[in-house]
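Notes follow once the structure below has been shown.
Coordinate-derived values only; no laboratory data. Since this is a predicted model, take the numbers as computed values, not measurements. All Cβ positions, glycine included, derive from the backbone under ideal geometry; neighbour counts span all protein chains shown.
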């Protein structure tokens, strides 16, 4: 008997996606297709709500489980607290992306809105399945579902040169990195004779260290670091982030990265956490993390295009999150999970304003944000709060997030890395404030106000509220993250 | 003894076809040499008693993939003047050889001439047989197997959207 509860959120997402494709067939070509938007939105919302039912502590009392980890196929997939937390982030990011999609496609017309939504939900399902994968084949195929859908989403505006370029670059480099990853996996399988991550750990711990294991490890780090755009595997990020439709950029910057970190935690903290290999990948990660923080922040400074700037910023953010990843243990994991949550709201708040502004002005240049404060006070506030939070300025959530991350890193002896992180957080203020300065200080060239719907307004307010609240009172999400982290330790 | 003879014949055929693939200027000739290379590789798999892989190699690569490749070549409709021989620069060749040796052959050498006392995981008797693989795919690995259909569906929908002029 298969325990369907294990992958209930994915089932909901996939059914929604297929429903969208079918419903669209029956719509007149002239219709506004608002029904498929509602289906996509409600489907994702249902998947998100079912997470709380699966966690066994639903506020509405509708519990599907008693809070124990659900598993199926001999434990090949297991939805524990950690997976539920990652799924929550991914589904929240998907909801944000859907909201942006509706606004984005007002000006960037596409004849295929249903296909876009369906592929977006497929890729969310892939990311979501990835977080419960306990063995490397499931992990790989879920990751491919996510990335192949992402290539398609990035190149979706097929009349647009930038989108084509983004899709092509992403596809070529992504396929290469997937090949590296798979190659590494094949050596791991050859050495251990199993694909289950916990069994891999047992088998690797029993045998003497071999150069092949090290080789496999390097391949896996390289392949996965590409997906979360850690330097020096970050070359694709700015181009893809700039060229892809903005909602897709937002999705990539949060959902893809979250899924990548989920894979990292499962593979490295569980599977490759053996005495002979651990120092090697820890060393690799320390270097990757430092390089991402330094390169991402420095290269962001001269950027003129806000999406490109956010691309470099996301490289640096991945570097910060990786410092938490180095602090193996409940403390590091809690910090990592907390920071991803904070990053979600700050980053997606900025992306939502990018979509709204681009919808009105048609521009993504930073200089065209001049006087946003006058044109829409809310956008000015969101830009200020979210960007300062990304930079890690108190009292916003980014500060407490970085506090926990660097604290965890220092407790494990990575003081130098934390110092680099803090130094370059100050550097990052420079380019984040550049945008905020344009929005708040410079006089507007065109003072016409920027309208937005009630839903967008409330979501933007939510981003600000979450970012400010978690800065002064991080307890609720910290508790959630701690509970999630405890499922691994 | 006989096995070694067959191996060397097949290996020579594989290398020969492989060289033909990259030295022919006519893409159809290259593609057909690739079919030969795939066939030799399938025979090598069969020699290792990996029957399922051998069959898949023929069905998927020599069959499906090659049809696609030839389709694309025909759609491109290349003319004589497009097919000038490519000039190979010594540096490029050297770099690609280095990359191949580092990435692929390096570990193979490590595996064939091992240092230290590690070894590959032991295989069961029926490893890789159609029966075992089928049983695994439809029991333990059912979830990734079904996930693949999702991946293909997303890819098909995306390919349609990206390639079709009017839908």
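Side notes on the structure shown:
- Highest-fluctuation residue, B:108, B:21, B:60 considered, GNM on chain B with Cα pairs under 10 Å: B:108
- Each eigenvalue of the Cα gyration tensor of chain A, multiplied by 5 and square-rooted, gives one semi-axis; in descending order these are 33, 27, 22 Å.
- The value of relative contact order for chain A, using C-alpha pairs under 8 Å at least six residues apart, is 15 percent.
- The Rg/Rh ratio for the stretch A:287-489 is 1.00, where Rg is the radius of gyration of the alpha carbons and Rh is the Kirkwood radius.
- Pairwise FRET efficiency - residue B:117 versus residue B:89, Cβ, R0 = 45 Å, nearest 0.05: 0.55
- Working from the Cα coordinates of the stretch B:79-167, the gyration tensor eigenvalues give, after taking √(5λ), semi-axes of 36, 34, 12 Å in decreasing order.
- Overall shape of the stretch B:1-79 was characterised from the C-alpha gyration tensor. The equivalent ellipsoid obtained from it has semi-axes of 27, 16, 5 Å, in decreasing order.
- In chain B, one over the average inverse separation of all distinct C-alpha pairs is 20.0 Å, which is the Kirkwood hydrodynamic radius.
- Two-site label geometry, residue B:22 and residue A:455: point separation in nm, points 7 Å out along Cα→Cβ: 5.4 nm
- In this simple spin-label model, placing a label point 7 Å from the Cα along the Cα-to-Cβ direction at both residue B:66 and residue A:214 gives a separation of 4.2 nm.
- Counting, for every residue in B:120-127, the Cβ atoms of other protein chains within 10 Å of its Cβ and taking the mean gives 3.
- The mean number of Cβ atoms from other chains found within 10 Å of a Cβ in peptide A:138-151 is 4, as a whole number.
- Most to least packed among A:212-219, A:63-70, A:259-266 [average Cβ atoms within 10 Å]: A:259-266, A:212-219, A:63-70
- In this rough spin-label picture, where each label sits 7 Å from Cα along the Cβ direction, the residue B:163-residue A:205 distance is 4.9 nm.
- Principal axis extents of the C-alpha atoms in the stretch A:155-300 (largest first, rounded to whole Å): 55, 30, 22.
- The peptide list B:28-37, A:108-117, put in order of mean Cβ contacts within 10 Å with the highest first, becomes A:108-117, B:28-37.
- Whole-angstrom gap from the stretch B:54-102 to the stretch A:309-340, using each part's C-alpha centre: 41 Å
- When each of the peptides A:24-31, B:46-53 is scored by the mean number of other C-beta atoms lying within 10 Å of its residues, the order from highest to lowest reads B:46-53, A:24-31.
- Ellipticity at 222 nm from helices only: DSSP H runs of n ≥ 4 in chain A, each -39500 (n - 2.57), divided by the residue count, give -24500 deg cm²/dmol.
- Per-residue mean of foreign Cβ neighbours for A:73-81 is 2 (Cβ atoms of other chains, 10 Å radius).
- Using a cutoff of 8 angstrom between alpha carbon atoms and counting only pairs six or more residues apart, the relative contact order for the stretch A:108-235 works out to 21 percent.
- Distance histogram in 5 Å bins (all Cα pairs of the stretch B:33-88, percent per bin): 5, 18, 19, 16, 14, 11, 9, 6, 2, 0
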